[in-house]
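The values are calculated or read from the model by the stated rules, or taken from the named source; none is laboratory data. Nothing here was measured: the structure is a model prediction, and the numbers come from that model. Cβ sites come from the backbone with ideal geometry, for glycine too, and all protein chains shown count toward neighbours.
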Amino acid sequence: MTKLWDSWEDEALVADPDSGVFADTDKVHSIDHVGKHYRVRGPLNIARGPQGRPVYVQAGSSDDGRSFAAQHAEAIFTAHQTLASAQSFYADIKTRASALGRQPEHIRVLPGISSYLGSTQAEADRLEEELNELIQPAASLEQLKRMIGIDLRGHDLDAPFPRHLVDTKGLNAVASRFQLVVDIIDREKPTIRQLIKRLAGGRGHWVLAGTPERIADAIQIWFEHGAADGFNVMPPWLTGDFDAFASEVVPVLRKRGLFREEYSGDTLRDHYGLPRPESSYALAQRKSA
């Protein structure tokens, strides 16, 4: 895909109605890709866009996922429940990227956060519980089965989670979401009902209930202590909670100097503060000149 996005150099598109020249063919390249599963001659059938190429976003925190992200990703969507877990992942990704010759600051690590906002802590807690009461146990148990491979239909939902049924040596054990759920079970010792409520809104991402100040406090701690470059906000319901986050949490972050006052560019790449990549073909030609 990188070869295809780079197959047009920035100056390739001429589009001159007077001469009738559409493109400078010297700046449009066949990629002649030969891979394990397919061959692609190229070039891409559209010119290079404002971002150079789209921002590459990766999700998944398994060892294979981390290796892939360190090599290719520019933004990483990841799930963590604790500051320590997020810090460990963050440091690992940046170290792997650096070892591959990449600039660690050119990768944005963006954990998911699902927040329940209230004017008081009690109000936020009530809102979380109110929404959790709407879950359908059958659907939640099916989601849990996909995550950790255990079918708990027919079990007492208010009984302690049957930890002994978790196969930590099976194929599922290598999945990052599997380990995240097992960590919750081991750390919090929940009942089955408590666990499915815990996973209902955030699906394993960081769930936090509180006032705008408390949410901002938590975000600030993660941002300033090497756990995140930003966050993927995952509102428990749309559009109300997203609107509340934007109108109540963002102003607190702005007052603390943690969030921009206005956009400085027009693209996602601009918003993430990522450099615009030069076409690899143009780069190679300049180096050989």
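With respect to the stated conditions, LEU117 fails to be closer than 23 Å to GLN58 by Cα and modelled with pLDDT of 95 or more. The residues on offer are GLU224, GLU188, and the sole one that is within 20 Å of the chain's Cα centre (by Cα) and free of Cβ contacts under 8 Å to residues at least 12 places away in the same chain is GLU224. Among residues of segment 244-267 being closer than 24 Å to VAL57 by Cβ and of a type in the set (S, T, N, Q), the one that is surrounded by the most Cβ atoms within 10 Å (Cβ to Cβ) is THR267. When LYS27 is tested against (1) within 26 Å of PRO275 (Cα to Cα); (2) touching a Lys or Arg at 6+ places or on another chain (Cβ under 8 Å), only condition (2) is not met.
The residues in segment 27-86 that are aliphatic (A, V, I, L, M), assigned to a loop (DSSP other than H, G, I, E, B) and either modelled with pLDDT of 95 or more or over 15 Å from the mean Cα position of the chain (by Cα) (or both) can be counted, and the count is 6.
With the condition kept exactly as written, say whether any residue in segment 175-185 is in contact (Cβ under 8 Å) with a residue 12 or more places away in the chain and either more than 23 Å from SER85 (Cα to Cα) or out of contact with any helix residue (DSSP H, G or I) (no Cβ under 9 Å at 6 or more places or on another chain) (or both). Don't jump to the end; show me each part of the working.
Filtering segment 175-185 for residues in contact (Cβ under 8 Å) with a residue 12 or more places away in the chain gives 175-178, 180-185.
Next, only the ones that are either more than 23 Å from SER85 (Cα to Cα) or out of contact with any helix residue (DSSP H, G or I) (no Cβ under 9 Å at 6 or more places or on another chain) (or both) stay: none.
No; the residues of segment 175-185 include none that is in contact (Cβ under 8 Å) with a residue 12 or more places away in the chain and either more than 23 Å from SER85 (Cα to Cα) or out of contact with any helix residue (DSSP H, G or I) (no Cβ under 9 Å at 6 or more places or on another chain) (or both).
The set of residues from segment 231-243 being buried (at least 18 other Cβ atoms within 10 Å of the Cβ) and more than 17 Å from the chain's Cα centre (by Cα) comprises just one member, ASP241.
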